Amino acid sequence: MSHRNVRPLLRAGLAAGVAMTMAAQAAPATAAPARVGNVQKAMEELARTPGVVGVVGGAYVDGRPVGTASAGSRLLDGQGGRIPADARFRIWSQTKQMVAVAVLQLVEEGRLGVDDKLGDLLPVVVEKDLVERADEVTVRQMLRHTSGIPDWYAGKPNPDGSEGDDPSFDVFDFTTRYQPLDLVKWSRGRPRTGEPGEKWTYSNTNYTLLGLIIERLTGHDLATELHERLFGPLGMTKSYLMVEPPDGVKGPHGHGYYPDAGGTPRDVDRFNAGYTGGAGGVVSTAHDVSAFQRAFAQGKLLPPELQRVLTDRLPSDSRTQGKSRSGCSDDFYITGGLAPGSIAMTFYSADGRRQFAMSFTLSVKPSAVEVDAGRAVETVFCPSS
């Protein structure tokens, strides 16, 4: 998934998603927009994108909904009716930012330090030789994707050796229960991506490990910690972390599809929760994701020095800045993620006053779809008439 200026076309990559754990610093508040456009119109335009089955989204200003809507259909080929506008959806890699906040709240409580070593916090990875150089990798490096630990999700290689579109596992296995350490073990045979702290390289393994650290330090499972620290206090009443296959998304919602070896789209609504966890296992809604981003951007979840662990950019980070300049000269930051069956993303203003969260269910591989999501933001927050 990439960022582009003006109206960013979302040309999806694999589960790296939009790796905006390095999110936006809060900025001074500005006046609310004089006019708000039609969210339903924006959703209908997005639903016409080739490869999109359905789309659901909601826009918020100062915590108040200015429009929630959906378009397309719940199921393939126009079946199943429309997705409810308040439906839950998988937020994929946006989970990482929530896990990062939970880790840094533990730092604030004195339970660990950002420069503590992985091997000390999670001795099992040393005892079982699951992570190379675990005695050098720090919490800060895992939070910022500079640990050099390879990604367990990384796609199967193409014949020319480049990374392929398909994940490293069986997308259609909906029942096998993989433990987080099983996923970490998958990454062990892959080459490191750099020296600890050397450069930014996205890896889901970082957040699988951080989830395990949270559980070891608190004695609670990650789902409980996220609920007690974030979902409950922020009124995210429809959010939860999926933990067991064959968990599905609760309530009526859009189903995503992924092509099998013959190219036929197959329903992956039961995508194995065991593959995600701290790296991408949260299910939420447009309302709830917006509530989280509003609180984060406005500095309500972490003290400034710990917020900067996530928001300060690295000199070696070569990614395009996760910010788009809209047609009405407002800056919006982007956070999101994707995996087989769907894409989720949230645009939000740096001052935390405005959010627009969306989820797209697909009939093709995420890498095969282009979504002009920035146009939807302009339609809603920068209407021309």
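Since every read-out is calculated from the coordinates, none of them should be taken as a lab result. It should be emphasised that the depicted structure is a prediction, and the values quoted were computed from it without experimental measurement. Heads up, the Cβs are rebuilt from the backbone with ideal geometry, glycines too, and the neighbour counts pull from every protein chain shown.
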(request) Could you grab the Rg to Rh ratio for the range 9-381? Cα atoms only, Kirkwood for Rh. (result) 0.94
(message) Under the 0.36 nm per residue contour assumption, what length would be gained going from the current alpha-carbon distance of Asp221 and Lys199 to full extension?
(response) 4.8 nm
(request) Subtract the Cα-Cα distance of Asp116 and Glu370 from 0.36 nm times their separation in residues, and report this length gain in nm to one decimal. (result) 87.4 nm
(request) Using Cα positions and a limit of under 26 Å, work out the lysines in reach of Lys96, with same-chain residues fewer than 8 apart set aside. (result) Lys117, Lys128, Lys156, Lys185, Lys199, Lys238, Lys250, Lys300, Lys323, Lys365
(message) Can you pull out the GluC sites (Glu not before Pro) in the range 96-157 whose DSSP state is coil and whose Cβ has at most 14 other Cβ atoms within 10 Å?
(response) Glu109
(request) In whole angstrom, note down how far apart the Cα centers of the range 132-157 and the range 294-311 are. (result) 23
(message) Run through the range 176-211 and list the trypsin sites (Lys or Arg not before Pro) located in a DSSP loop whose Cβ has at most 14 other Cβ atoms within 10 Å.
(response) Arg177
(request) Send over the Kirkwood Rh of the range 90-191, from the inverse of the averaged 1/r over different Cα pairs, rounded to one decimal Å. (result) 15.4
(message) Suppose the chain between Glu45 and Glu108 were pulled fully straight at 0.36 nm per residue; how much longer would it get relative to their current alpha carbon spacing?
(response) 18.3 nm
(message) Please compute the modelled spin-label separation between Ser384 and Arg308, points set 7 Å along Cα→Cβ, answer in nm with one decimal.
(response) 4.3
(message) From the Cα trace of the range 199-308, what convex hull volume per residue do you get, rounded to a whole Å³?
(response) 154
